[in-house]
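Presented below is the structure to which this report refers.
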Amino acid sequence: DVQLIHSFKGIPFPTRVTIDQLNSLDRFEAREDDVLLVSYPKSGTHWLMEILKNLYHYRLQGRSVAITQPLEFQDPAKIHELRNLPGPRLIPTHLPQQMVPRKLQTKNCKTIYVIRNPKDTAVSMFHYYQRNPHLPKVDKWSTFLDMFLKGEVVYGSWVDHLISWERSDNDENILFVYYENLKKDLPKCVREISEFLGVRVTEDQVRDVAKKSSFSEMKERVEREKARPDNNHTVCALTSDRKLIFRKGAVGDWKNHFTAEQNSQFEALLREKINSSELASNVEYEF
Ligand code: A3P
């Protein structure tokens, strides 16, 4: 079997992200106008990126905003290309805060962190493990949930990831966005995001951004794409194939997967840490 997972500083990574890439993170040349899009995998990364891309489209008067490879998936040989990109550069990453290059942190870059109910995140990741050829097959949901709760999945523990960013020194430049709020009132969230980024948009534009980033529109657009997945345009380091992303896009799918016993297991293993985090406590666990 090909090895699909390896560990770096105690955290499981897909081997698609090489140790070389992880070791060269500090070579990243940060700029003040860089915008970081941070998420634990399966929290709505592609959704947020679509919103940001459309917002900047107005700000840049029709020019496309530069979206870089994920921070952990940069090709060190392409450092010049990265340097030549016009700002602002949108940089996605699934890295926990302690692995992000110091240089990015000291520039006080604007950062958006997407949070999703961990139960739905676990379900989404379980299906991703089945379908994504860069991840090992885990056939049984109960086996996968066990791994998830122990933090033995790509990018480690959900709650540790969130806490690392919640306690960041740069916290006044971080906007935390909940997936469930995006589902509840997308135009309101788009307005909040645009204010945070200082991108002025009209109400018509807010509606347009919300429409273009709806689940059905995004899914249809991707399904119509004929081009093969392009490794140079990757929002999530776990895949360049966007056809793998749009599964259900729903809140509460965990109820179709968790047994009562698994729900108690979740509480027993994560509750204490969740209670120690304001952001994690604010997640709506019941629907
Ligand atoms: P599901 O597997 O539950 O459907 P990421 O982009 O971080 O990999 O997250 C993927 C998850 O976000 C998937 O969840 C996907 O369906 C969901 N998603 C992507 N775009 C969405 C949208 N516009 N609206 C709602 N959910 C979306």
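FYI, it's all coordinate maths here, none of it is from the lab. Just so we're clear, the structure is a prediction, and the values are computed from it rather than from any experiment. Ideal geometry is used to build each Cβ from the backbone, glycine not excepted, and the neighbour counts take in all protein chains shown.
Below is a table of values for the structure above.
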quantity	calculated
Stretchable slack from Ser64 to Leu279, in nm (0.36 nm times residue separation minus alpha-carbon distance)	74.1 nm
Val177 long-range amide H proximity, modeled H, under 5 Å	Tyr113, Val114, Ile115
In the stretch 1-65, GluC sites (Glu not before Pro) in a DSSP loop with at most 13 other beta-carbon atoms within 10 Å	Glu29, Glu32
Local electrostatic count, Lys9, Cβ distance below 14 Å [Lys/Arg +1, Asp/Glu -1]	-3
Sites matching trypsin sites (Lys or Arg not before Pro) across the stretch 34-99 that sit in DSSP coil, with at most 14 neighbouring C-beta atoms within 10 Å	Arg63
Largest-first ellipsoid semi-axes for the chain, taking √(5λ) over the Cα gyration tensor eigenvalues, angstrom	27, 23, 20
R0 of 25 Å, Cβ-Cβ distance Val2-Asp75: FRET efficiency to nearest 0.05	0.75
Label-point separation in nm, Lys211 to Glu267, each point 7 Å along Cα→Cβ	4.5
For Leu36, residues with placed amide H under 5 Å, excluding near neighbours	Ile91, Lys110, Thr111, Ile112
Filtered GluC sites (Glu not before Pro), the stretch 131-200: DSSP coil and at most 16 other beta carbons within 10 Å	Glu152
Potential lengthening between Asn231 and Glu195 on full extension [0.36 nm per residue; Cα-Cα distance subtracted]	9.8 nm
Fraction of antiparallel bridges per DSSP, the chain only, in percent to nearest 5	25
Radius ratio Rg over Rh of the stretch 34-160, counting only Cα atoms, Kirkwood formula for Rh	1.01
FRET efficiency, Thr202 to Thr15 (Cβ-Cβ, R0 35 Å, nearest 0.05)	0.15
Over the stretch 132-222, relative contact order from alpha-carbon pairs under 8 Å, at least 6 apart, %	13
